[in-house]
């Protein structure tokens, strides 16, 4: 009760305004404490969406990692297949084609040798044969490097033996030619060399066919891998899509729940604040009336009694002067009590209306704060219910208090406009501005907003182009005549 | 596109006259020249009236598309370059005219006189190419005419006439379809030997019927015929030659050779040979210094294109075009195959730099034949000149951007291994499309720069005078061998100036069916002298002369010193 009283006094007199929220635990009213507990209950950790979202993220990441691993494996398999099989096969086939080309060149050379239409001895072809032999050896050496893994020992042996026998026959043929036995040499070509060349050519052709078959097999396997990867891609995409949809739905649901909780919390907070304000006002009104009615009557009676008692004491008696002194003290106390009563709740608000209160309050503030206040009043005044007027009065109090304490301005403008559809109150200064000192006045501003909201009106904190702050409260006219708690 | 695919494509398309108009419109407009040279067509002014007779009558014989060659030579040894133009003839049974080669004597005033008959050369033959060399070292250049059938060797009598010594020299024993040839001293015995390229085994009697539409005969591709070996004849020194084709390792029955160039690719002082083959791998015959050769083309990276394909090699030349001291190589090929421009890597291998050098892309739509390295603008960097012309008159019907007649290309060397075709800027007459074949250069007007001779298939011969516009200077050397062959073929001349050097090889042959002059010309730009010249004679001996003035020619006689000539 002490805290509440102090708080109410501060709000009332405009000194050290503090907020309600920071002092929630100090409230003696039951409802706010219950609300606070209710809010805590609704935000328990086991109902937070974070766990669900984290789970979704982990599942998605795990799926991506798993899929990347799978794809890497498949690509590695493809690369291995292509480099180890397809590429080597291609290189092997190129070398085999080179061998085939050399064998064909040998066949053509042997044909020319047998045609015997050149004016040169058969030995003239030896350089040509040597060139082909060197190229053939090189081609076979390279071919063996790329094909050794798949060539059977029998195949390698057959090719090597056949070639060795062929070149041995070639050497013997040229030896015959060098000895002048051209006919024997030609017979050797016809009977042996051409047949060996044909056999070699067939063997190479067979290897080429095998290579082709291997290439077809490799192509088939590559195709299967691609099909498998494609299928997995579809599955992965579907699963990812489902995961994304589930996560999205869950996020929407969680967000909606969060927003609903926030809205409820805000509603509760607003209701709490308004109840608090109402409680303050009723308390202050009560104290004000008590002071005015009870203590005022008592002090008035004391004053009257002292005055009568003094009449019974002879003039010049010391008692008479003491009674007068006590009477003056009582009168002074009575004045103070009335002033305090007026300050806690202007009685004239209910009796003379808001307009009169403002008329009374402006000079008071000017006296107390030494602010120069330009007060403008416009429009046709209309009656404002006291329960409404008190909130407008409190806003005026807080706004002027802010100007005096924080804006650094020495002048303020107060405008009270009786508009056809609303009452508008403006308090403007040319001080540091709202932003500069807003942080220090958070609670006061909250109180003003709550009062505006309580009235169903609107309050704006503006920054005029000339600088400073403009607080504008607008209350619909239909509210002004009604009673607000 | 190789020749086979080209001809197959030809079969599938009808004539499209509209393409001619499109191509004409697409032809580059003549540009105002900012070059330092101009090539002026002086053919008529010089009195050269030559028309090549391919003998074409409709029989579509293979040799008709290939001739013919030309040469600059100083046959009368008066110091002025004369001109020889090879000719074909009508085929047996289709005689319509008499046609012979033409020898034009230089009148020393910019004009020439036809001395064919007087010189005893008005002999009918189906000539293809020419090789000029003083094989008997008598001081007068002799002439070999390669032919379809019997090649002819004409010995220069020294009295302005020639004598046909084919039979007595022993060359009559060989007949084929010869193309390019060159004289060189492969065994360094001081006597010029003879290398002859042969194309395929062809004769009118064994002509193959080829057709694109199944009805009408067309020109066959070389694949339709067997290859033919090149020949190497060793000069015995007694006026006769020994066929050493077989023993020297030159023999290769699969070759289909069209061009040959001499070079020293391994820098051992012994002449090697590069043979351009059509649809067959090129051959680089490395001189083994023992009378034999070994083909090193595959190892050297010059046998095939960069893609490993045997291109349709036509003409070939080798020279130190990047002034590195080592010969690079240019080989002309079929259209869509680009010119092969091989730069020496210095370790006996070559790299095709045609694309990087800017020669490749621009030669994709041309079919090149004759090609020579020459310093056309005398700036000290060898340029590349190419004679172009297709083999099929109807080529434009299937390839709108390829014509039968094609402009020559003059690739100016920037000195940084890049080239730019300036043919359209050096003179309108020069860039006129021609069915170019033979190509040779020589300083016929003795003004210090090299002039150009171009022959066309079944068309005229063209003489272009080179006029220097920027005052670039040159220095020329006439080499005379004493213990080496008298023409000094195989000698290397290297000049040094301002910390840089240039080198030339005295060589016959090169290009396509043709031979350029033997004196060597160095462009010097604005320089007025050179620091020194080093001559390595064919026998290996080296001579050096210092501080020579530019703007003139020098006669260098082996072991006898150097003599400045008055002018060039």
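Data for the structure
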| read-out | value |
| --- | --- |
| In the stretch B:292-330, residue surrounded by the most Cβ atoms within 10 Å (Cβ to Cβ) [restricted to those that are touching a helix residue (DSSP H, G or I) at 6+ places or on another chain (Cβ under 9 Å) and within 14 Å of chain A (Cβ to nearest Cβ)] | B:295 |
| Any hit, the stretch B:194-206, residues being within 14 Å of chain A (Cβ to nearest Cβ), in contact with a strand residue (DSSP E or B) (Cβ under 7 Å, 6 or more places away or on another chain) and surrounded by fewer than 19 Cβ atoms within 10 Å (Cβ to Cβ) | no |
| In the stretch B:264-285, residue nearest to the other protein chains (Cβ to nearest Cβ) [restricted to those that are crowded, with 23+ Cβ neighbours inside 10 Å, at pLDDT 95 or above and out of contact with any helix residue (DSSP H, G or I) (no Cβ under 6 Å at 6 or more places or on another chain)] | B:285 |
| Residues (within 11 Å of another protein chain (Cβ to nearest Cβ) and at pLDDT below 90) located in the stretch A:116-126 | A:117, A:118, A:119 |
| Residue in the stretch B:123-144 that is surrounded by fewer than 22 Cβ atoms within 10 Å (Cβ to Cβ), closer than 17 Å to residue B:71 by Cα and without any contact (Cβ under 8 Å) to a residue 24 or more places away in the chain present | no |
| Helices (runs of 4 or more DSSP H) fully within the stretch A:362-457 counting 2 or more residues that are more than 26 Å from residue A:267 (Cβ to Cβ) and touching a strand residue (DSSP E or B) at 6+ places or on another chain (Cβ under 9 Å) | A:386-402, A:434-438 |
| Sole exception among (1) assigned to a helix (DSSP H, G or I); (2) at pLDDT 85 or above; (3) surrounded by 14 or more Cβ atoms within 10 Å (Cβ to Cβ) for residue A:65, by number | (3) |
| Test set (1) closer than 29 Å to residue B:482 by Cα; (2) more than 14 Å from chain A (Cβ to nearest Cβ); (3) at pLDDT below 95 - residue B:261 fails condition number | (3) |
| Some residue of the stretch A:143-166 being at pLDDT 90 or above and either over 20 Å from residue A:203 (Cα atoms) or within 13 Å of chain B (Cβ to nearest Cβ) (or both) | no |
| Flag for residue A:425 being within 16 Å of residue A:479 (Cβ to Cβ) and within 45 Å of the chain's Cα centre (by Cα) | yes |
| So residue B:548, is it assigned to a strand (DSSP E or B) and over 29 Å from residue B:462 (Cα atoms) | yes |
| Selection status of residue A:254, over 22 Å from residue A:92 (Cα atoms) and under 60 Å from the mean Cα position of the chain (by Cα) | yes |
| Any hit, the stretch A:212-221, residues being more than 28 Å from residue A:70 (Cβ to Cβ) and surrounded by fewer than 14 Cβ atoms within 10 Å (Cβ to Cβ) | yes |
| Candidate set from the stretch B:175-193 (those that are within 18 Å of residue B:150 (Cβ to Cβ) and crowded, with 19+ Cβ neighbours inside 10 Å); member that is nearest to the other protein chains (Cβ to nearest Cβ) | B:176 |
| Filter result for residue B:463 (within 22 Å of the chain's Cα centre (by Cα), over 27 Å from residue B:563 (Cβ atoms) and part of a loop (DSSP other than H, G, I, E, B)) | no |
| Residue B:60 vs. criteria in contact with a strand residue (DSSP E or B) (Cβ under 6 Å, 6 or more places away or on another chain) and over 30 Å from residue B:465 (Cα atoms) | yes |
| Subset tally (residues that are surrounded by fewer than 20 Cβ atoms within 10 Å (Cβ to Cβ) and either within 14 Å of chain A (Cβ to nearest Cβ) or on the phi < 0 side of the Ramachandran plot (or both)) for the stretch B:226-242 | 5 |
| Count of residues meeting criterion [more than 14 Å from residue B:501 (Cβ to Cβ) and either without any contact (Cβ under 8 Å) to a residue 60 or more places away in the chain or part of a strand (DSSP E or B) (or both)] in the stretch B:526-545 | 8 |
| From the options A:78, A:136, A:108, A:94, residue that is under 30 Å from residue A:229 (Cβ atoms) and within 13 Å of chain B (Cβ to nearest Cβ) | A:94 |
| Spans of helices (runs of 4 or more DSSP H) in the stretch A:114-200 with at least 1 residues free of Cβ contacts under 8 Å to residues at least 12 places away in the same chain, in the same structural domain as residue A:85 (by TED's automatic domain parsing) and in contact with a strand residue (DSSP E or B) (Cβ under 6 Å, 6 or more places away or on another chain) | A:126-147 |
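The values are calculated or read from the model by the stated rules, or taken from the named source; none is laboratory data. All values reported here derive from a predicted model rather than from experimental measurement. All Cβ positions, even for glycine, are placed from backbone atoms using ideal geometry, and neighbour counts span all protein chains on display.
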